[in-house]
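Engineer: Got a structure for you, written out below as structure tokens; questions coming shortly.
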Amino acid sequence: MRRIILLATLLAATGFAAPSFAADKVIVGYGTGTTALPYFVGVETGIFAKRGIDIEGAKIPLNSNLQSSLIANQIDAAAVMLAVEGMAGNFVKPGSITYISLNAQSDDYRMEQFVARKGVDIKSLADFKGKKLVAAPGIGNVTIAKAALQAAGLKEGDYKLDQLDTSQHINVLTSGQYDGAFTLEPNATMMRAKDVAYTVEAGVVADIVLGNRKAKAYMAGGALSQKFLADRPEVAKRYVAAWDEALDFIKQKPTEARQTLLKYTPTAPEIVNDVPLVLFSKISDVSQADIENFQKYIDFSVKIGVIPGAVDVRRYIVKF
């Protein structure tokens, strides 16, 4: 024992340190929208690193590709997984995608919204009749856009709707190629700041599915792969703890958290503090009513044929 103590003292005195263990690598898929904010915060503040997590980021803008990557275990986690894609994956392969947090949106917590190009007189969604629209890509986004337009009295054929990466929405509206868009944040805020477009309707999902624009529509969240949970449960537990800490950081320091958008999204510095955020919720903070709202959104998606069959969301939400 004396020899071990002397050796440790000698190593310290000569500038050598005992070998440290390598951090556990976790591959995380992420996009460039504001809903990936917990990932941005966790990386930039060192929250993951201090828990021994070595993050390898994989930029995957399309939700469909993010879903397939998670199901195929090509990534360990997704910074945000849309509920439609996640639960559709679980219908085909039960347990392949597990949610560790949930994101809600409404007219107060804005994400998806319809905007109209400046100079085009649009007062309500019904006014998009005969117009050309562009939507964020993915079956979830397109389906909700169509459902909202249908609720406004428009049938397919009354308008033209194309899918296009959200990074191009400002350009195609500015050029006049499209009259409006079903777009995401931070694009909508950027469009208003540049006087390119104005918001026609927000809180779309809350209105269509829950009948109240102010209701909390849970339709996405952070997620883990089946293999990650099964093969490395201790690492997954530390990852979730770090994720929860990032969510707390956003809640307690939203202005500071927003600064990470400057690095990962096309948000301009002059509007970064104006960009609205969804309601990021830890699973421990999600109520029974919230779970029911989440289930209503999935049931709605099943009803309109986006998800092949019924899925019980409770089976795919984890609380450590």
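Engineer: Would you check which residues across segment 96-111 are over 23 Å from G203 (Cα atoms) and either of a type in the set (A, V, I, L, M) or modelled with pLDDT under 95 (or both) and list them?
Structural biologist: If the condition is that a residue be over 23 Å from G203 (Cα atoms) and either of a type in the set (A, V, I, L, M) or modelled with pLDDT under 95 (or both), then I97, I100 are the ones that fit.
Engineer: Hey, another quick one. Which of the residues spanning segment 285-320 are in a loop (DSSP other than H, G, I, E, B) and farther than 17 Å from N103 by Cα?
Structural biologist: The answer is I304, G305, V306, I307, P308, G309, A310, V311, D312, F320.
Engineer: I'd like the full set of residues that are assigned to a helix (DSSP H, G or I) and buried (at least 20 other Cβ atoms within 10 Å of the Cβ), limited to segment 263-282.
Structural biologist: The answer is Y264, and nothing else.
Engineer: Cβ-Cβ under 7 Å, sequence separation 6+ or interchain: first residue in segment 164-176 and β-branched (V, I, T), partner buried (at least 16 other Cβ atoms within 10 Å of the Cβ) and in a helix (DSSP H, G or I). Which pairs?
Structural biologist: Once the first residue is β-branched (V, I, T) and sits in segment 164-176, its partners that are buried (at least 16 other Cβ atoms within 10 Å of the Cβ) and in a helix (DSSP H, G or I) give T166/N187; I170/N187; I170/M190; I170/M191.
Engineer: May I pose another question? Among the residues of segment 116-136, what is the count of those that are out of contact with any Leu (no Cβ under 6 Å at 6 or more places or on another chain) and more than 16 Å from A147 (Cα to Cα)?
Structural biologist: Within segment 116-136, residues that are out of contact with any Leu (no Cβ under 6 Å at 6 or more places or on another chain) and more than 16 Å from A147 (Cα to Cα) number 10.
Engineer: In addition: With the condition kept exactly as written, say whether any residue in segment 70-83 is under 25 Å from L184 (Cα atoms), free of Cβ contacts under 8 Å to residues at least 24 places away in the same chain and either surrounded by 15 or more Cβ atoms within 10 Å (Cβ to Cβ) or outside the structural domain of T143 (by TED's automatic domain parsing) (or both).
Structural biologist: no
Engineer: Name the one entry in L161, L224 that is touching a strand residue (DSSP E or B) at 6+ places or on another chain (Cβ under 9 Å) and in the same structural domain as I271 (by TED's automatic domain parsing).
Structural biologist: L224
Engineer: Considering only helices (runs of 4 or more DSSP H) fully contained in segment 70-176, which possess at least 3 residues that are in contact with a Gly (Cβ under 8 Å, 6 or more places away or on another chain) and closer than 30 Å to D244 by Cβ?
Structural biologist: Output list reads 83-92.
Residues checked against (1) closer than 28 Å to L173 by Cβ; (2) touching a residue at least 12 places away in the same chain (Cβ under 8 Å); (3) hydrophobic (A, V, I, L, M, F, W, C):
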{"position": "L210", "(1), (2), (3)": "no, yes, yes"}
{"position": "A215", "(1), (2), (3)": "no, yes, yes"}
{"position": "A220", "(1), (2), (3)": "yes, yes, yes"}
{"position": "S225", "(1), (2), (3)": "no, yes, no"}
{"position": "V235", "(1), (2), (3)": "no, yes, yes"}
{"position": "F249", "(1), (2), (3)": "no, yes, yes"}
{"position": "E256", "(1), (2), (3)": "no, no, no"}
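Engineer: I've got another one for you. Out of segment 199-217, which residues are under 18 Å from L149 (Cα atoms), surrounded by 16 or more Cβ atoms within 10 Å (Cβ to Cβ) and either touching a His at 6+ places or on another chain (Cβ under 9 Å) or not aliphatic (A, V, I, L, M) (or both)?
Structural biologist: E201, G203, D207, R213
Engineer: Kindly check whether there is at least one residue in segment 181-189 that is assigned to a loop (DSSP other than H, G, I, E, B), surrounded by fewer than 16 Cβ atoms within 10 Å (Cβ to Cβ) and assigned by TED's automatic domain parsing to the domain that holds I144.
Structural biologist: No, segment 181-189 has no match at all.
The values are calculated or read from the model by the stated rules, or taken from the named source; none is laboratory data. Note that the structure is a prediction, hence the values are computed from the model and not measured. Methodologically, a virtual Cβ is constructed for each residue, glycine included, from the backbone with ideal geometry; neighbour enumeration extends over all protein chains shown.
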